[in-house]
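Step one of this worksheet: look at the structure below.
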Amino acid sequence: MKFNQYAFCLMAAFSSYEALSAPATSLQVAKPHTTLFADVDSTDNQVVAVGKFGTIVTSNDGQSWQQAEVPVQSLLTAVTIKSDKAAWACGHDATIVHSSDNGKTWQLQQHLPGQGKPCLDIEFIDENTGFAIGAYGMFYKTDNGGQTWQSQFISDFVHPDDKEYLEELKQDDPEAYQDEIKFILPHFNRLLIQDNVFYLVGEMGLVGKSEDKGISWQKFEEFYPGSFFSVNETPDGHILVAGLRGNAFIKSQSDIGFTEIDIAKTATINSILPFKDSSLLLANSGLIHAFNGHQVTSEQLPSGHAILSATIFNNKVIMATEKGLITWGDSK
């Protein structure tokens, strides 16, 4: 999982109480696995990838792909699978869709084109409790498998200079307050869930941690001013964040702050995937960095296509790229 700066810039683009519109269904094409894919996820027996124009494809062997029936044409940016009967994807127009049949068909849970905000990541603790995050501080939660989604405003990420102003506005003009908080927060790009501990990264160097399942957040002191597009745990239990211009940082669970990782290439890193005893940092220009906790080695796809996400399936790494799905390497 999940989204990235490359796909966010490709296409322009909340309230769960807004009525659902009736969007156009996804386009059915001859070679659906060759379009832009923003994310891919897998279980032991299934791979699901999501991308451009509402395209969702599935595979049970990682080689042949079937296009699913999807009720939207919005760019889908993230997908997560909890079981054969519980998968979700999200994307532009604050779209959230759900599948209960191994990804073959999808039902619309939320579609809010009037908001003009993309959802950039979606994660579930179990088949009932999930979170969807995105542009300008978008943060939704569900406790019923996505039947309803509640919007939350994370005031812990408001800039200190704005907190007093917002509090006064909330008391004096509640309507103006609601308008103001729609765009005052940075974009939330990626969410990592580790039991009861959450990590969230976003633009303007945002890295946050919650130890109460997203109710309250601690913001780390800024250690890089650019955007982060991915956060994941390394095979040895450290927290790794990465993003714009190839910048990446790491911390142990006990460390207070993050330490920079030396990466010579400046291509933006879109996703992090634990791989053997290393972490793969997947980037634009087809760059694949392998970090073993001490040093980084790099290689590049011959195509040079941006890699937006990846998953391990049948001992292979399946990558979602700007020009389709590819299989890379061997994870044994």
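The values are calculated or read from the model by the stated rules, or taken from the named source; none is laboratory data. Everything quoted here is computed from the prediction, not taken from an experiment. Heads up: the accessible areas ignore ligands, DNA and RNA and are worked out on the full protein's heavy atoms, side chains in. Shrake-Rupley method; radii C 1.70, N 1.55, O 1.52, S 1.80 Å.
Counting only the heavy atoms of the protein chains, how much of K213 is accessible to a 1.4 Å probe, in Å² to the nearest 10?
90
Excluding residues fewer than 8 places away in the same chain, name every one of the aspartates and glutamates whose C-alpha is closer than 18 Å to that of K82.
D39, D41, D44, D101, D121, E123, D126, E127, D143, D195
So for region 137-265, considering every pair of alpha-carbon atoms, how many percent are separated by more than 17 Å?
62
Would you mind calculating the gained length between D262 and Q107 on full extension (0.36 nm times residue separation, minus the Cα-Cα distance), in nm to one decimal? If you can, show how the numbers build up before the last one.
Values: separation 155, 0.36 × 155 = 55.80 nm, distance 4.37 nm.
Here the segment from D262 to Q107 would lengthen by 51.4 nm.
Skipping prolines and chain starts, which residues have an amide H placed within reach, meaning under 5 Å, of the one on F188, given they are 5 or more residues away or on another chain?
Amide H neighbours of F188: G134, A135, Y136, G137, M138.
Hey, which lysines would be in cross-link range of K170, C-alpha to C-alpha under 21 Å, not counting anything within fewer than 8 residues on its own chain?
K182
Full-extension gain between K323 and I125, please, as 0.36 nm times their residue separation minus the C-alpha to C-alpha distance.
Residue separation times 0.36 nm, minus the Cα-Cα distance, leaves 68.2 nm.
Averaged per residue, what accessible surface does the chain expose to a 1.4 Å probe, in Å²?
Details: 14340 Å² over 332 residues.
With the other protein chains kept in place, the chain gives 43 Å² per residue.
Along its principal axes, what span do the Cα atoms of region 198-247 show, with the longest given first and each in whole Å?
Result for region 198-247: principal-axis Cα extents of 32, 26, 15 Å.
Among the aspartates and glutamates, which fall within straight-line cross-link reach of K209, defined as a Cα-Cα distance under 12 Å, with same-chain neighbours fewer than 8 residues apart omitted?
Of all the aspartates and glutamates, those that pass the test against K209 - Cα under 12 Å, at least 8 places apart if same chain - are D156, E221.
Tally up the carbon and sulfur contribution to the accessible surface of region 190-272 as a whole percent, 1.4 Å probe, everything protein left in place. Numbers along the way, then the final one.
Values: 1650 of 3620 Å².
On region 190-272, the fraction of accessible area on carbon and sulfur atoms equals 46 percent.
Of all the accessible heavy-atom surface of region 69-175, with the other protein chains kept in place and a 1.4 Å probe, what percent is carbon and sulfur? Walk me through the numbers before you get to the answer.
Working: 1760 of 4270 Å².
Taking all protein chains in place, region 69-175 shows 41 percent carbon and sulfur surface.
If you average over every viewing direction, what projected area does the convex hull of the Cα atoms of region 95-170 give, in nm²?
Numbers: hull surface 25.2 nm².
Averaging across all directions leaves 6.3 nm² for the Cα convex hull.
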